[in-house]
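Every number here is computed from the coordinates shown, using simple stated rules; none is lab data. What you are looking at is a predicted structure, and each value in this text was computed from that prediction instead of being measured. Note that each Cβ is placed from the backbone with ideal geometry, even for glycine, and that neighbours are counted across all protein chains shown.
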Amino acid sequence: MILLIPSFIFKIYATSFLLWVLFTTSIPQTLIKYTNAQIQNHKFVGKHYPQTSITVPKQLVTLHKVTNSTVYFLIAHPDDEVMFFAPSILELSKPHYGNTVQILCFSKGDSVDASMGEIRQQELYNSARILGIDKANVMVLDYKDGMNETWHTEDIIQSLKENINRNKIPKIVLITFDELGVSSHPNHIALYHGARKYINLQTSISNGPSSLARNKQNLKQPRDPKEISPRLYVLKSLGFLEKYSFTILTNIEFLIDYVTNVIKTFATVNINVSFFTPANSTSSIKIYSDLNMLACSYAAMAYGHLSQMVWFRYGWLMLSRYLTFNQLLEIKSV
């Protein structure tokens, strides 16, 4: 009887995975082949083949304007970019968004021994390359890695000032962990507090006297990039069962979001039938991976971060929901 339980659970996960492939990959990629004019006519515009995207809201670009921006992923350790942020990195790197995606990693991941630092830094470059990010767009700092290490907020703010270029690109988006840090890791949580305070400081500068004077004069020339406030999104931390549900809860949430969108096409009222959606859903972005994105994530982790592929890491790859789904919440400055 006991042996039947693992078999039953395996069947649930396997069935859920097959349904997930159907919902996120097979159906969307079949539909685009029959609805996209470029594919039908075999005449293509630009250098990139049309891709499918599954985001909520569907009008990700128009509602959140995460487009034509420099998007910085603020991570604490090499491998965070894959284990937690892979769906977001792969989605926001798609050509139709026009973004430049960069990774700012605050440590070399040398908590075990200093000699691991150079190895893990190189592994981050390898992983980023698989995810489509050039080495030139990956920056690695030298904060001390460790559960007992304290990263001071003021130090993080100073590092952000030194490494985020606000002179040329007017639209900057920061993406990092939320206040729970996904796994309650103090280094993750420190980045949340540092990024949030940095955003508040930059917003106060953007709304300062020089910016107000420009608005009063109603000048037509473009605003100085430094006068446009960066925006901050954080990755929503998941509870234990949700974190290791792989595609099970992703399928449920996907279907609920789909039903919600169908209902909204026939009703003008704001309907929320998803119990997953937080109160500030208007500032929430949901990103669903497909099979292509998941395969890329697996390669980035298993091949890019070879030193981290101990036995339990394979369990993470097989069970983690963060590889199939990200929910980003916008943090407003105060």
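At-a-glance table
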quantity: Where labels lie 7 Å past Cα in the beta-carbon direction, separation of Val21 and Phe312 in nm; calculated: 3.0 nm
quantity: Per-residue ³J(HN,Hα) for the range 36-49, Karplus 6.51 cos²θ - 1.76 cosθ + 1.60, θ = phi - 60°, Hz, x for Gly and Pro; calculated: 8, 5, 5, 5, 5, 8, 6, 10, 10, 9, x, 9, 10, 6
quantity: Stretch gain in nm, segment Ile39-Asp134, where the contour uses 0.36 nm per residue and the Cα spacing is subtracted; calculated: 31.3 nm
quantity: Val101 long-range amide H proximity, modeled H, under 5 Å; calculated: Val71
quantity: Evaluated at q = 0.18, 0.27 Å⁻¹: base-10 log I(q)/I(0), Debye formula over Cα of the range 58-131; calculated: -0.71, -1.24
quantity: Karplus (6.51, -1.76, 1.60) ³J(HN,Hα), θ = phi - 60°, over the range 286-291, in Hz, Gly and Pro reported as x; calculated: 9, 10, 9, 6, 10, 5
quantity: Lys47-Asn126 FRET efficiency (beta carbon distance; Förster radius 30 Å; 0.05 resolution); calculated: 0.75
quantity: Principal axis dimensions, the range 1-136 - Cα atoms, whole angstrom, descending; calculated: 56, 55, 28
quantity: Where trypsin sites (Lys or Arg not before Pro) fall in DSSP loop in the range 44-123, at most 10 other Cβ within 10 Å; calculated: Lys47
quantity: Listed pairs Lys144/Lys197; Lys58/Lys243; Lys43/Lys171 exceeding 29 Å between Cα atoms; calculated: Lys43/Lys171
quantity: Cα gyration tensor shape of the range 93-175, rounded if a/c is under 1.5, else prolate or oblate by comparing a/b with b/c; calculated: oblate
quantity: Ile228, Ile287 arranged by Cβ crowding within 10 Å, fewest neighbours leading; calculated: Ile228, Ile287
quantity: Ser115-Ile12 FRET efficiency (beta carbon distance; Förster radius 41 Å; 0.05 resolution); calculated: 0.45
